[in-house]
Every structure is written in structure tokens, then in C-alpha cells.
There are 2 protein chains.
Amino acid sequence: MRSIPHSLIPLLAAACVACVSPRDTSMANPYLAPQYHGAHQTPELARSPLDPDDLAALQATLLFDEADVAALRLSRPLLEPQVDAILDVWYGFVASQPQLLAYFSSSTGQPDADYLARVRERFSQWVLDTASADYDQDWLDYQYEIGLRHHRSKKNRTDEAEAVEHIHFRYLPALVYPVTATLKPFLEAGEHSPEQVEAMHQAWIKSVLLQTILWSQPYVTEGDF
Amino acid sequence: MRSIPHSLIPLLAAACVACVSPRDTSMANPYLAPQYHGAHQTPELARSPLDPDDLAALQATLLFDEADVAALRLSRPLLEPQVDAILDVWYGFVASQPQLLAYFSSSTGQPDADYLARVRERFSQWVLDTASADYDQDWLDYQYEIGLRHHRSKKNRTDEAEAVEHIHFRYLPALVYPVTATLKPFLEAGEHSPEQVEAMHQAWIKSVLLQTILWSQPYVTEGDF
């Protein structure tokens, strides 16, 4: 039997605090920019109940460290020109799954093409933001906003859509798998070594899992998160 | 640029119903057996709010199909003799992360060795059950029970432990990553081809993600799950 790589169980809790930048209050909040909000919305972001220390502990649990930040950033120039093709695959997947397409549809079951198109613009931005891997309180607050927009608290409001009023919790973490599995060919499309592709892929898996955890907050009973 | 493997976006929603067995009511519920319950507990299982159709839709979203069932079952004879070594790695990881060890500790921060040992017995059984991949209403009901035992609803009761009263939601899905990443060397320890190892690993990732979703149910506001 092969020996167990104990290198996989590092003491990351302290080291990973370095993955979260201190908030620079002199900078404007980038998530108030128009591409994060609907044409009809005044940008506003509630404060996430988590702070950067909570985020660092969660990143340590996910074995997410500075190497993952570097791998995500390496993926950004590779993915940016492929964003439309990536979204075609993800939208194709959602369209193929009736239980998912229902959330972009009215209560009579008719998919809302305008709503799908407007969400797609923010989805493009999300690919770039995930690859940028900039973590601070502004980023945490925006993750909380994304969660609210999936939950009945704020769904449809950003785009004045009339689709069903709530995305059920269970599909948020479930989408981690198809989103990251179908991303891999796009990470292989450049000139990177197999090791670099694998590092980028694992960093994406950890990051998407982390984000769906943060988006879950509005679903969880107060005090249980 | 390489073409996109549209084979990755199959229409699984219908096909995957086959992954869930109809309940055979003539069989005794296996999850009432003593190894699933504490020495002081009368076995009882509440009904999961999900039924096998809900499970099939969730499996389809996860791209989990009959090939994953076969891959999990292939892993069972490989993992069974390694269960103790696997648990050593997982317990080593928990012990290395203060934010996780806290959940096995009293409010004064003292880890409860008896509690850790008793949970370990059920954890061994969990490895075998995950690899057995038998899905029906009894299995769903037991997943719900596991969720209750992480949540303040029933934590500590199975083992009459006096550790902190609740595991925060965010660490349940986060553990999917370290648990499945550290499993891979054990899947490589047999005589299987790289393709078989990869199939077993991907099936484990999907299954553990699926299970943590089901365990989340007691944390989510009624109607939002």
C-alpha cells in the first residue's frame, strides 16, 4: 500500500488569513458598479454576517491557500476570451434539466428569455470575479447579496422578472459539480502544463464551493450558519 | 481552441431515476441496526421531507448516474481494509483545524475523547455505506437523521456527549473538499487503472456533496430547502 501524503493535511488555519485582504476603506466598493445590478436597481449591499476572519477559517477548512489564489488568477486571461462559450455550456446544461429551468420560468412553466439574458451578463462578470480572487469585506457583502437574489428575499427584483419566487436551497451546492466539471476543457484549452491545469481546476472547485456556502446564508435559520 | 465536449451535458433527469431503488417494505430498515445509534439510544428515524423523486432530480443535477453507482461499489472492497487509515487522516485533519476541533470540545475548549471515539465508529460505517450506494426512502430518512445530529436539534444526544451544542452549517459543505481530496491516495492504492481511480474519485465527490446537501435540511428555513 502506498504511503499517505500527510502533506495534504497542513496546518492552514493561520497561514490562510493571508488569503483575505484587509479592507481598504479609501477605495470605492467595486460591487456597486452597474454590471452587478439591474438597470432598474439602486445599488445597495447589506453587510454580510461574516467577517474576513470567518472567511479565513472557512478557506482553511477547504484547504484553500495562496497557491489557489495564484491558480485562479492564472486562469483569468485564459478564460476571459472563452466566457461566452463557457456560458453556452452552462446554459445548455440548465436548459437540459427541467428541475433547473423551472427557476427561470413563470409559474405556468414558460421560460423567461429576457430574465435568462440579463442574468447571463452578471454570470459573465462572475467568471471574471471568481478568477480575480480578491477577497475582502466588500466581496463578502456581495456574496451575501447573491444569496439574497437566489432566495425569496430578493429573487427577480434585480431584473424585474416574473419567474418563480425562490430557488430551492438544494440546487445551489449541487451546481458546484456540473459547473466545475464542464469548466475543465476550457482550462485545458491554453498552453498550460497538466499540473497547472489541475491546480486551476482544483482552485475553481474550492472557490465555487466556498461561494455557494456563502450564498446559502439567507436560507439558514438565524444563528445556525 | 478545442471543441467543447457536449457529452458532458447529457439529459440525465429521466435516466437517473434508475439510481434510486423503490422501497421494499418487506425488508427491515437497515438503518435501525445498532451501529447507527448510540448505546443509550432507542433507534428512531423521522421521515425525510424528500422522496425518491426529489433525490433523482438532485442526482441528475449532480451528473450522478448509474456509472457512479458502479464506481462507488467498485471502491468498497478497496476501501474496506483501509477504513482505519482513512479515518486517521480525516481525524488528523480535524485535529489540525481549531475551528473544526471546537465542535468535538466542551464550551471550555477541552476535546472530548470519548465522543470522538464513538463518532469514529459511525464514521467507519459511513465509508462503507457511501461505497455501497443503496438509495431508497430508508437511506433518505437516515441522511435526515445525520443532519439532525449535526444541528442543535439532536447534536450530542446519540453519544450523551457534552460538547458544544451545534455544528455551524458552513462547515458541512466545506468538508466535502478535504474529505474527498484526502481519499484519493486510498483509491490509488489498489490495482485499478487510472481511469477507474478517476471514476471512483468523481463518484465519491458527487456522493459526499449530495450527502452534505441532504444533511443541511434541518438548518434551512422550512419551505426554502
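Within the option set B:Ala113, B:Ala203, B:Ala161, being modelled with pLDDT of 95 or more and among the hydrophobic types (A, V, I, L, M, F, W, C) holds for one residue only, B:Ala203. Does the range A:112-124 contain at least one residue that is away from chain B (no Cβ under 12 Å), within 15 Å of A:Gln211 (Cβ to Cβ), surrounded by fewer than 17 Cβ atoms within 10 Å (Cβ to Cβ) and within 16 Å of the chain's Cα centre (by Cα)? Within the range A:112-124 (the criterion being away from chain B (no Cβ under 12 Å), within 15 Å of A:Gln211 (Cβ to Cβ), surrounded by fewer than 17 Cβ atoms within 10 Å (Cβ to Cβ) and within 16 Å of the chain's Cα centre (by Cα)), the answer is yes, since at least one residue qualifies.
Test A:Glu222 against the criterion of being among the acidic types (Asp, Glu) and part of a helix (DSSP H, G or I), and give yes or no. The answer is no for A:Glu222.
Residues of the range A:116-135 that are at pLDDT below 95 and more than 24 Å from B:Ala57 (Cβ to Cβ): A:Ala117, A:Arg118, A:Glu121, A:Arg122.
The single residue among A:Arg76, A:Arg122 that is touching a Leu at 6+ places or on another chain (Cβ under 9 Å), more than 30 Å from B:Ala102 (Cα to Cα) and of a type outside the set (A, V, I, L, M) turns out to be A:Arg76. Restricting attention to the range B:205-225, the residues that are of a type in the set (Phe, Trp, Tyr) and either more than 8 Å from every other protein chain (Cβ to nearest Cβ) or under 15 Å from B:Ala131 (Cα atoms) (or both) add up to 1.
When the range B:140-157 is filtered for residues that are over 18 Å from B:Ala102 (Cα atoms), away from chain A (no Cβ under 14 Å) and not acidic (Asp, Glu), the ones remaining, listed by number, are B:Tyr142, B:Ile146.
Among the criteria (1) surrounded by fewer than 20 Cβ atoms within 10 Å (Cβ to Cβ); (2) in contact with a helix residue (DSSP H, G or I) (Cβ under 7 Å, 6 or more places away or on another chain); (3) under 20 Å from B:Leu209 (Cβ atoms); (4) charged (D, E, K, R), the one A:Lys154 does not fulfil is (3). The residues of the range A:176-204 that are facing another protein chain (nearest Cβ under 7 Å) and in contact (Cβ under 8 Å) with a residue 24 or more places away in the chain, listed by number, are A:Val176, A:Pro178, A:Thr182, A:Ala189.
Among the numbered conditions (1) under 19 Å from A:Arg170 (Cβ atoms); (2) surrounded by 17 or more Cβ atoms within 10 Å (Cβ to Cβ); (3) within 14 Å of chain A (Cβ to nearest Cβ), the only one that B:Gln137 does not meet is (3).
The values are calculated or read from the model by the stated rules, or taken from the named source; none is laboratory data. No experiment lies behind these values; they were computed from the predicted model shown. With ideal geometry, Cβ positions are generated from the backbone for all residues, glycine too; neighbour counts draw on all protein chains shown.
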